[in-house]
Number of protein chains: 2
Amino acid sequence: MSLNPRQSTESRQAEIIATVVALAAERNPADVTTTDIAKAMNVTQGALFRHFSNKEAIRLAVIDWVETQLMTRLGDAQASAPDVVSGLEAMFLAHVRFIREFPGVPRLVFAELQQPDSSPVRQRVQQIMRRYRQMLAETLGKAKAAQLISPDVDTEAASALFLGAIQGLVMQSMLGGASSDAEVPVLGVLRLYLASLGGKS
Amino acid sequence: MSLNPRQSTESRQAEIIATVVALAAERNPADVTTTDIAKAMNVTQGALFRHFSNKEAIRLAVIDWVETQLMTRLGDAQASAPDVVSGLEAMFLAHVRFIREFPGVPRLVFAELQQPDSSPVRQRVQQIMRRYRQMLAETLGKAKAAQLISPDVDTEAASALFLGAIQGLVMQSMLGGASSDAEVPVLGVLRLYLASLGGKS
DNA sequence: TACTTGTAAGTAACTTATTACATACAAACG
DNA sequence: CGTTTGTATGTAATAAGTTACTTACAAGTA
């Protein structure tokens with residue numbers, strides 16, 4: 001009856017992570033049960049605990065996957081850009097592309113951010129965001145030094161606004177719901193953001 | 001033994017709402033049980049159902065409270081501003097003040113946004129956000145007509161960025177956690193946002 | 001054979017909601 | 001004015017359902 005043959009723990013772990021990310025695209029991640037995951041994999045619920053000791057371990061693995069995915073894409077984007085400001089632009093677009101490809105990701109991140117302060121998974125998310133902001137502040141600093149943006153931008157505020165701009169787009173697409181594919185003004189927001197930095201374009 | 005005397009349904013409903021908002025400031029709203037609410041009120045769990053038929057009814061009442069609070073404050077802010085752009089500024093600051101006063105509010109909104117599309121509570125939140133964006137787009141249109149901002153701003157994008165800017169600040173304060181009171185660059189972000197509109201000031 | 005991956009069934013803990021019963025309180029009445 | 005009586009508000013207990021995790025056993029694989 002099992003349409004799903006035996007597999008190694010390694011490949012099952014990857015499958016579990018992918019399944020969680022996929023399910024989070026359409027449902028509240030907090031309401032995704034181990035039974036839901038197992039059912040989506042054509043496996044019994046108990047089987048999951050052969051590959052992860054806890055449900056928390058699953059959530060942690062999912063966040064780890066998100067981190068490597070996001071950081072790789074951001075790094076690549078920045079690396080293949082001619083100058084620092086184009087790098088910012090590329091990072092912005094890479095981030096948007098990532099969450100467009102995996103709409104469950106922002107929902108997962110939100111869900112973990114709601115967790116109590118002490119939660120290891122939440123602390124992991126905090127760490128990722130902190131690094132992201134540092135990366136942005138650094139890049140903005142370089143842009144300022146290279147006189148590509150106005151010398152009096154508050155780099156801390158500009159980092160917050162960068163993430164906020166993406167947040168705003170995410171929220172707008174989340175609000176639209178699964179049905180309506182309302183045009184989300186990605187490029188419009190990006191243009192506005194760059195304008196706020198007072199660069200020359 | 002009851003330190004809490006009998007009260008009218010009306011006052012109890014208000015108390016329940018306030019308690020949920022307060023609890024959401026420190027815990028995951030999705031994990032706040034009826035027992036938690038009751039315990040915080042010095043009342044037994046079953047008593048809650050004398051005043052609300054469902055837990056969903058409670059959540060709906062909470063969102064209704066958020067709506068009236070937010071809309072009143074935004075309306076007042078805009079009304080008491082000399083010009084349209086100052087109105088935008090005042091709305092921004094009023095929103096920030098509101099969520100600083102009730103840190104549970106954004107968490108509650110996030111939690112409801114994670115709900116399935118069909119959920120009545122989620123639809124309510126969607127409605128509120130839609131109105132908010134319309135209000136913003138309208139104001140931005142007026143500002144453009146009065147030549148207070150650049151004529152070629154994309155008002156839709158500018159609305160999204162307005163909400164995103166606030167979102168970014170919220171996230172930054174959520175990231176800091178309950179402990180660290182890291183300075184959140186509210187004014188810096190507001191200044192950047194206004195700069196993106198290309199106004200003169 | 002020895003180990004890994006899977007299943008089926010079970011369990012303990014938790015959550016919403018209901019139910020049977022108690023008590024405060026206001027209005028009606030003698 | 002004092003008593004009765006109906007209703008709103010409260011409690012304690014519990015029903016019914018869900019969830020994460022465990023265990024005893026089976027079967028594939030090296």
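Scanning the range A:1-53 for residues that are more than 13 Å from DNA strand D (Cβ to nearest atom), part of a helix (DSSP H, G or I) and either β-branched (Val, Ile, Thr) or in contact with a Pro (Cβ under 7 Å, 6 or more places away or on another chain) (or both) yields a count of 3. Residues satisfying the criterion are absent from the range B:161-176 (criterion: in a loop (DSSP other than H, G, I, E, B) and among the hydroxyl-bearing types (Ser, Thr, Tyr)).
The residues in the range B:156-189 that are of a type outside the set (A, V, I, L, M, F, W, C) and either more than 9 Å from chain A (Cβ to nearest Cβ) or over 16 Å from B:Glu89 (Cα atoms) (or both) can be counted, and the count is 10. Between B:Pro116, B:Pro82, the distinction of being in a loop (DSSP other than H, G, I, E, B), free of Cβ contacts under 8 Å to residues at least 24 places away in the same chain, touching a Lys or Arg at 6+ places or on another chain (Cβ under 9 Å) and open to solvent by 10 Å² or more (accessible area, probe 1.4 Å) belongs to B:Pro116 only. Checking B:Arg73, B:Arg50 one by one, the residue that is among the basic types (Lys, Arg), within 13 Å of DNA strand C (Cβ to nearest atom) and in contact with a helix residue (DSSP H, G or I) (Cβ under 8 Å, 6 or more places away or on another chain) is B:Arg50 and no other. Annotation note: Cβ proximity below 7 Å between a residue of the range B:11-31 that is more than 15 Å from B:Asn42 (Cα to Cα) and open to solvent by 20 Å² or more (accessible area, probe 1.4 Å) and a residue that is among the small types (Gly, Ala, Ser) and part of a loop (DSSP other than H, G, I, E, B) (sequence gap 6+ or interchain) occurs for B:Glu26/B:Ala178. Scanning the range B:129-155 for residues that are in contact (Cβ under 8 Å) with a residue 24 or more places away in the chain, at the interface with another protein chain (Cβ under 10 Å from one of its Cβ atoms) and assigned to a helix (DSSP H, G or I) gives B:Met129, B:Arg133. Taking the range B:54-74 as the range and being open to solvent by 30 Å² or more (accessible area, probe 1.4 Å) and more than 16 Å from DNA strand D (Cβ to nearest atom) as the test, the residues that pass are B:Arg59, B:Leu60, B:Asp64, B:Trp65, B:Thr68, B:Gln69, B:Met71, B:Thr72, B:Arg73. Considering the range A:56-70, and only residues there that are out of contact with any helix residue (DSSP H, G or I) (no Cβ under 6 Å at 6 or more places or on another chain) and charged (D, E, K, R), the residue that is farthest from DNA strand C (Cβ to nearest atom) turns out to be A:Asp64. Return yes when A:Leu169 is over 24 Å from B:Glu183 (Cα atoms) and open to solvent by 20 Å² or more (accessible area, probe 1.4 Å) and no when it is not. Answer is no for this residue.
Only a single item in (1) under 19 Å from the mean Cα position of the chain (by Cα); (2) among the small types (Gly, Ala, Ser); (3) surrounded by 20 or more Cβ atoms within 10 Å (Cβ to Cβ) is not met by A:Ala143, and it is number (1).
Considered as a group, the residues in the range A:1-33 that are within 10 Å of DNA strand C (Cβ to nearest atom) and of a type in the set (Ser, Thr, Tyr) include one that is farthest from A:Glu101 (Cα to Cα), and that residue is A:Ser2.
The values are calculated or read from the model by the stated rules, or taken from the named source; none is laboratory data. This structure is a prediction, so every number in the text was calculated from the model and none was measured. Note that we place each Cβ from the backbone using ideal geometry, even for glycine, and neighbour counts take in every protein chain shown. The area values use the complete protein model at the heavy-atom level, side chains included, leaving out ligands, DNA and RNA. Shrake-Rupley method; radii C 1.70, N 1.55, O 1.52, S 1.80 Å.
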